[in-house]
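The block underneath contains the structure these notes are about, expressed in structure tokens.
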């Protein structure tokens, strides 16, 4: 149950945010207060935000973040899985580096984009939103992204290939399957000249076991 204080202040939140967990609401308030009103909301995209941003950026380009790496390690019970078979989605975990895209949203659209992005990414509240320093062709720029603490209960332990294949074969959520999510991400990364060795390995594993053919036949 939300606390009494949360219930008393939720009315001033956008409608898309009011139904989210209390933690997601609190973090939304922090992010909403922090974006630069002059240049607009800055985002670092590393997964589905690359192939389905849901908005038209005023500016975009390649970006590199140090200190975090991309991993298919966040359990998904809504978007790419369900209560009977959890799926997996990407997160940023500490360590290493990550190549992705940098987006700048026009100031006039930033509030609406942030709200819609929060409703999409913070439905359970597992992510830890952070302002990360992105290395871009224009120089270093701080951008909002979605990381995952290693102590998060939503973090999936390392899976052997058999367990991963089971998830890729069976996990379905409101936005589709984990397999579809993985395939779209790999294809999109390739289109931007980014090769993520582990995601490539996982998709090759799925293809070698006939999962891509099965998915195509079921459409």
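General remarks:
- Residue within segment 131-139 that is closer than 21 Å to residue 42 by Cβ, in contact (Cβ under 8 Å) with a residue 60 or more places away in the chain, part of a strand (DSSP E or B) and in contact with a helix residue (DSSP H, G or I) (Cβ under 6 Å, 6 or more places away or on another chain) present: no
- Some residue of segment 149-167 being within 21 Å of residue 50 (Cα to Cα) and in contact with a strand residue (DSSP E or B) (Cβ under 9 Å, 6 or more places away or on another chain): no
- Any chance residue 67 is touching a residue at least 24 places away in the same chain (Cβ under 8 Å) and at positive phi: yes
- The condition of being surrounded by 12 or more Cβ atoms within 10 Å (Cβ to Cβ), out of contact with any helix residue (DSSP H, G or I) (no Cβ under 8 Å at 6 or more places or on another chain), within 28 Å of residue 113 (Cα to Cα) and touching a residue at least 60 places away in the same chain (Cβ under 8 Å) does not hold for residue 177.
- Scanning segment 187-219 for residues that are in a helix (DSSP H, G or I), touching a helix residue (DSSP H, G or I) at 6+ places or on another chain (Cβ under 7 Å) and surrounded by fewer than 19 Cβ atoms within 10 Å (Cβ to Cβ) returns 188, 200, 205, 212, 215.
- Single unsatisfied condition, residue 138 versus (1) buried (at least 16 other Cβ atoms within 10 Å of the Cβ); (2) over 22 Å from residue 54 (Cα atoms); (3) modelled with pLDDT under 95: (1)
- Exclusive hit being more than 16 Å from residue 147 (Cβ to Cβ), in contact with a strand residue (DSSP E or B) (Cβ under 8 Å, 6 or more places away or on another chain) and modelled with pLDDT under 95, set 77, 41: 77
- Close contacts from segment 79-107, counting a first residue that is at negative phi and free of Cβ contacts under 8 Å to residues at least 40 places away in the same chain and a second that is surrounded by fewer than 23 Cβ atoms within 10 Å (Cβ to Cβ) and not in a strand (DSSP E or B), with Cβ to Cβ under 9 Å and a gap of 6+ residues or different chains, come to 83/77; 84/170.
The values are calculated or read from the model by the stated rules, or taken from the named source; none is laboratory data. These figures come from a predicted structure and were not determined experimentally. Quick reminder, even Gly has a Cβ in these numbers, built from the backbone with ideal geometry, and neighbours come from all protein chains shown.
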